[in-house]
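Asker: My questions all concern the structure below.
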Amino acid sequence: MEPDAETSGTAGRLGRAILRHKWIATLIATSAVAVPAFFFVNSHRIDSAPDAGNSKCSKVVDRSPDEVASEPRDWAIGEGVASWGDRSTILRCGVDELAPTINLCVSIDGVDWVLDEKKLHATGVSVLTTYGRSPAIQITYSGNREDVGGILVELKDSVDWIKQKRKCVGYDDTF
């Protein structure tokens with residue numbers, strides 16, 4: 001017995017509707033997993049510095065401590081980067097090397113760091129960059145300014161093995 005055209009058309013439409021609903025359900029389920037995962041992964045992304053591919057940068061990150069300022073190391077995505085305390089402290093290796101500057105330069109355990117005073121005054125965030133080392137390393141810290149010295153001490157072993165080619169010159173050194 002052959003199905004009549006009316007029954008066959010209804011069954012075909014019904015089958016296509018069921019298939020379409022399955023595709024829509026699959027798309028919704030996939031989106032429900034993929035979209036939050038994208039935002040989760042993206043929230044851990046830190047912009048890499050221009051020279052982050054320098055082989056020394058991976059060593060800097062590998063030598064970075066598990067804890068800084070009593071904060072655990074975060075899961076961070078980006079080449080030559082590390083962070084601690086929900087990104088309150090961020091290390092980026094391979095930033096542009098600094099030219100001589102009049103900004104404040106401090107030497108902490110043999111590592112010279114230059115404070116970006118303009119950013120500090122504008123945002124309250126401490127941004128310090130190594131001076132005289134290649135690749136240059138930048139630390140961004142958004143917590144209490146009094147903690148910055150301790151953080152730089154904790155990160156010393158990550159940085160001091162890179163040979164220093166130039167040193168900061170203070171006012172007293174010019175006479």
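The values are calculated or read from the model by the stated rules, or taken from the named source; none is laboratory data. Predicted, not measured: the structure shown is a model, and the values here were computed from it. Every residue, glycine as well, gets a Cβ built from its backbone with ideal geometry; the counts of neighbours run over all protein chains shown. The area values use the complete protein model at the heavy-atom level, side chains included, leaving out ligands, DNA and RNA. Shrake-Rupley method; radii C 1.70, N 1.55, O 1.52, S 1.80 Å.
Asker: Mind listing whichever residues of the stretch 120-137 are over 21 Å from Asp66 (Cβ atoms), crowded, with 22+ Cβ neighbours inside 10 Å and β-branched (Val, Ile, Thr)?
Answerer: Those that are over 21 Å from Asp66 (Cβ atoms), crowded, with 22+ Cβ neighbours inside 10 Å and β-branched (Val, Ile, Thr): Thr129, Thr130.
Asker: Taking interchain pairs and intrachain pairs at least six residues apart, which have beta carbon atoms under 8 angstrom, with the first residue in the stretch 110-132 and on the phi > 0 side of the Ramachandran plot and the second surrounded by 13 or more Cβ atoms within 10 Å (Cβ to Cβ) and among the hydroxyl-bearing types (Ser, Thr, Tyr)?
Answerer: Gly124/Ser142
Asker: Let me ask you something else. If I filter the stretch 148-175 down to residues being within 20 Å of the chain's Cα centre (by Cα) and in contact (Cβ under 8 Å) with a residue 60 or more places away in the chain, which single residue comes out as nearest to Leu104 (Cα to Cα)?
Answerer: Across the stretch 148-175, the extreme among qualifying residues is Ile151.
Asker: Please give the number of the condition Thr174 fails out of (1) modelled with pLDDT under 95; (2) surrounded by 15 or more Cβ atoms within 10 Å (Cβ to Cβ); (3) polar (S, T, N, Q).
Answerer: Going through the list (1) modelled with pLDDT under 95; (2) surrounded by 15 or more Cβ atoms within 10 Å (Cβ to Cβ); (3) polar (S, T, N, Q), Thr174 breaks only (2).
Asker: If you scan the stretch 55-102, which residues turn out to be part of a strand (DSSP E or B), β-branched (Val, Ile, Thr) and surrounded by 15 or more Cβ atoms within 10 Å (Cβ to Cβ)?
Answerer: Passing the criteria: Val68, Val81, Thr89, Ile90, Val95.
Asker: Let me ask another. Residue check, Glu117 against (1) acidic (Asp, Glu); (2) modelled with pLDDT under 95; (3) open to solvent by 70 Å² or more (accessible area, probe 1.4 Å); (4) farther than 21 Å from Arg45 by Cα, all met but one. Which one?
Answerer: For Glu117, the failing item is (3).
Asker: From the set of residues in the stretch 138-170 that are among the polar types (S, T, N, Q) and either open to solvent by less than 20 Å² (accessible area, probe 1.4 Å) or at pLDDT 90 or above (or both), which is farthest from Trp84 (Cα to Cα)?
Answerer: Gln164
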